[in-house]
Amino acid sequence: MRALDGVTLAIERGEFFGLLGPNGAGKTTLINVIAGLARADAGTVAVMGTDTLADYRRARRMLGVVPQELVFDPFFTVRETLRIQSGYFGIRDNAAWIDEVMHHLDLSGKADANMRSLSGGMKRRVLIAQALVHKPPVIVLDEPTAGVDVELRQGLWQFVTRLNRDGHTIVLTTHYLEEAELHCSRIAMLKAGRVVALDSTRNLLASVAGSRITVHVMARDGTQHLLQIEGHAALEGELARLRAQGVEIADIELERPDLEQVFLRLTKS
Amino acid sequence: MSFRTLFAKELLRFWKVSVQTVAAPVLTALLYLVIFGQVLEGRLQVFEGVRYSSFLVPGLVMMSVLQNAFANSSSSLIQSKITGNIVFILLAPISYLEFFWAYVAASVVRGLAVGAGVLACTTGFVELRLEAPLWAVVFALVGAALLGALGVLAGIVSEKIDQLAAFQNFVILPLTMLSGVFYSIHSLPGFWRGVSHANPFFYMIDGFRYGFFATSDFPPGVSLAIVLLSFLTVAALCLGLLKSGYKLRT
């Protein structure tokens, strides 16, 4: 089976980039190839211009990956876990940054708790902290908010947005399309290992039809009907026609185009 | 720095559960000594002028060193693979050489810690002399490194706990028990003596015992060469697998 097929992508420095696609599209495989966890049969990957195979040490120092799976080492506390991760990246005295990361992720109160004793949401925060201990310029978040409560989700996005503002490149995969729409400036959509769309979020949204207007009408015999109008242009004419027929308008709903429509159109086709 | 951290992490890992990883194997070795020492003391003399329990202790010490060195690297790797936390090592800028040596060095430390524990607990009951201590130290170090490397190999190749358990129960345990821990291979019939010579564990036990009694079934220099060669072979195999990412990177 071919997990990825001819994927060519260039993510700019400082971008907040979204990688979307249905289950099995190849998002995590692509991240694993970038991170060196999987090896591609052909092709090359460079992180900040450094080849991930030829100079893997340099490339990995520039990359922080939050894995999708909720993995942890049950032998250690949160602080030990972060110290160990710092050491793997060759950083000896990292206490100040570890404290800062823990503070932003609301982990300070759990610093000396064993990883086993943490809730799923807390473990997710530690995974994010582990990816940040070496201050990587590129941060890859693979489904970072899966199974996470609203409070953490908001705190996480605030922190990640700040990191992006500070110049970090963020690569995000998520099933919550509203999160991608809100945060990502550019998006690639994968389907069966191929890139089926690569554009700015704005252009992708503009590529689907404009707003959809749903008019709830009450006929003379008292029955209710729905009338769907694509785009504002046709609205005035339709309303005039309804008024001429003496139909009563009960309600009007406005539905703006969203990433879900783009996603469904591209991945279902 | 990456090597030091991985090495320190591996030490901390077994130290945090030292009752299970150090104290329990020391107790097991002492039980062997009590049972076999009591039953065979006075009935069996292997070396001239050496009581059976004195002969047995170095064998038990070395057996503990070897089994625990293997257990350390193999169990750590398989646990990390099964729970998935090995990803933190694989994502880091750690070379395959650093990876290998960190696991082997931590295994050596655990093996020596358990061996030292067995030795310390038995010296009060059994008369021991150290005729050639350097030989004992060298065999303990190289033997532990060989078993630590074998543990790395088993940890890489195994995908499930029962695969590792099979390796431990059907390869490591018989090779250790049939290596002359409890007897001299000179007491075996010719065929089994020949079989014992094909067992690399025999050379480690015999060489280590030489450090205590300055007498052995096989010349210690040749034994050391065989053990070193075995280590180099296993190390080369491990490094090849680690470099290729076999069963670690997809």
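Observations on the structure shown:
- Measuring between their Cα centroids, region B:134-164 and region A:1-75 lie 33 Å from each other.
- Links that overshoot a 32 Å alpha carbon limit, given the list A:K110/B:K243; A:K110/B:K247; A:K110/A:K191; A:K27/B:K81: A:K110/B:K243; A:K110/B:K247; A:K110/A:K191
- Under Karplus coefficients 6.51, -1.76 and 1.60, residue-wise ³J(HN,Hα) of region A:31-40 in Hz, glycine/proline x: 5, 4, 5, 4, 7, x, 7, 9, 10, 7
- Principal-axis tilt of helix A:150-165 within chain A, Cα atoms, nearest 10 degrees: 70
- Helix B:133-157 vs. chain B, principal-axis angle (Cα, 0 to 90°, nearest 10): 40
- Here's the list of aspartates and glutamates a cross-link from B:K16 could span, going by alpha-carbon distance under 13 Å and ignoring same-chain residues fewer than 8 apart: A:D73, A:E80.
- Taking the number of Cβ atoms within 10 Å of each Cβ as an exposure proxy, the fewest-first ranking of B:Y246, B:Y103 is B:Y246, B:Y103.
- Per-residue ellipticity at 222 nm, computed for chain B from helices alone with -39500 (n - 2.57) per DSSP H run of at least four residues, works out to -24000 deg cm²/dmol.
- Computed from Cα atoms, the angle from the helix A:259-268 axis to the main principal axis of chain A rounds to 90 degrees.
- Loop-resident trypsin sites (Lys or Arg not before Pro) (DSSP state other than H, G, I, E or B) in region A:32-105 with no more than 14 further Cβ atoms inside 10 Å of their Cβ: A:R39, A:R92.
- Within 10 Å of the Cβ of each residue in A:56-68, the mean number of Cβ atoms contributed by other protein chains is 2.
- Centroid-to-centroid, using Cα positions, region B:1-77 and region A:127-183 are 48 Å apart.
- When DSSP beta bridges are restricted to pairs lying wholly in the protein assembly as shown, around 60% turn out antiparallel.
Every number here is computed from the coordinates shown, using simple stated rules; none is lab data. Everything quoted here is computed from the prediction, not taken from an experiment. Positions of Cβ are backbone-derived with ideal geometry, glycine not excepted, and every protein chain shown enters the neighbour counts.
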